[in-house]
Amino acid sequence: MNRTTDTHCSSDVYNKNNISIQEKFRQYHSRKILFLTGVSAVIVLLVGVAAAFGSYDLNLSEVYRIIGGGIIVRIFPELTLPESVAGTIIWELRLPRICMAVVSGASLGVAGAIMQGVLRNPLAEPFTLGISSAAAMGASLSIIGGIRFFGSYSVVINAFICAFLATIVIYTIAKSKGMTPETIILSGIAIMFLLDAVTAFMQYLGTAQQVQAVVFWMMGSISVAGWDTVLIVFLIATVSIPYLIYKASDITIIGAGDETAHSLGINVEKIRMQTLAFGALLTAAVTAFCGIIGFVGLLSPHITRMIIGGDNRYVIPGSAMVGAALLLGADTVARTVLAPMILPVGIMTAFVGVPFFMYLFMRKGKEPW
């Protein structure tokens, strides 16, 4: 009888522990899914607000009705909707800009999350690695240096090529010194200062009109958005972000240290450079079309980790959504706060980003990560 009783007791304890583990597992994931769902709802709301306000104001219900009707018509071409001024304004003027803000913000958020994760540095982002500075130099070569081999897209293509070449140079330098996170960051900082000096030198040589064009480009703006440019950035994001989410578990393990990752059979150098290359690709695509937009890649991962922790399976998509919401919100304010004047969105992200970053820094005390 005693043995039978002991067996039943052990079974009850095992079942209770098993149920407790399952409950904790469910709570662990449900909180993160709830966060992603909530941010998605915020983005949908911001899309409506951004499309409603401008020189021609609309109400939210009308905006969502026009957007929904336009989507249905594009899925089922046999259906037609009557043309209207509001429909033209939304689909031809405001929605391309909104979509560019969402895709660009998501791309920068993911790029920042990847760079912070694989380099184990809370300050790692496209600026830190010199990618944005390289894009600025590429734009300067086109605007001031007169390098225009690609017609009307010369500024965009030059910025993209220089940003990616900078990544290759950083990789080459870091590889020769051992490929540690420290060597990658130091290489990026060195490249950043060099390229900033080259850009400043070119501005010194340029005319007032050329310098004005370069400075405006470096402030960051989504005003050039059109459906063709949105498609390009979207396709690059569609290729890059799913791959980075697929590698999320490896990135989380690398965050625990290179030795730990090696002991678990992960090729740290390979994963680090592959993920950084995709992060650089995302950054180069956005910067080439929109100029330099700061703080989105830095803040989005921090906000996400602060709420749902450091599991990169959720941090990467969460950073994408938070980045999209941040950039879309900043661009909406930039369009409306001094209307009809439209401020560069890079100015708004800095106004919002600096105080929030200082708040994070003071809140975390001596632990920045």
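Derivation of every value follows stated rules applied to the coordinates shown; laboratory data play no part. It should be emphasised that the depicted structure is a prediction, and the values quoted were computed from it without experimental measurement. All Cβ positions, even for glycine, are placed from backbone atoms using ideal geometry, and neighbour counts span all protein chains on display.
Below, the figures for the structure above:
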{"quantity": "Net charge, residue 89 excluded, C-beta distance under 15 Å - Lys, Arg +1, Asp, Glu -1", "calculated": "0"}
{"quantity": "Cβ crowding within 10 Å averaged over residues, with 272-284, 122-134, 301-313 ranked highest first", "calculated": "122-134, 272-284, 301-313"}
{"quantity": "Dipole of the chain, positive direction: furthest Cα of 322, 236, 265, with charges on the beta-carbon", "calculated": "265"}
{"quantity": "Count of Lys pairs (Cα-Cα under 22 Å; at least 8 positions apart or interchain) in the chain", "calculated": "8"}
{"quantity": "Choice from 270, 24, 247 with maximal GNM fluctuation in the chain (Cα, 10 Å cutoff)", "calculated": "24"}
{"quantity": "Highest-fluctuation residue, 50, 350, 325 considered, GNM on the chain with Cα pairs under 10 Å", "calculated": "350"}
{"quantity": "Cα→Cβ-extended label distance, 7 Å offset, between residue 76 and residue 351, nm", "calculated": "4.4"}
{"quantity": "Cβ-placed point charges (K, R +1; D, E -1), dipole of the chain about Cα centre in debye, nearest 20", "calculated": "540"}
{"quantity": "Spin-label pair residue 274/residue 358, simplified geometry with 7 Å Cα→Cβ offset, distance in nm", "calculated": "4.2"}
{"quantity": "Highest-MSF residue in the chain out of 187, 55, 249 [GNM, Cα springs under 10 Å]", "calculated": "55"}
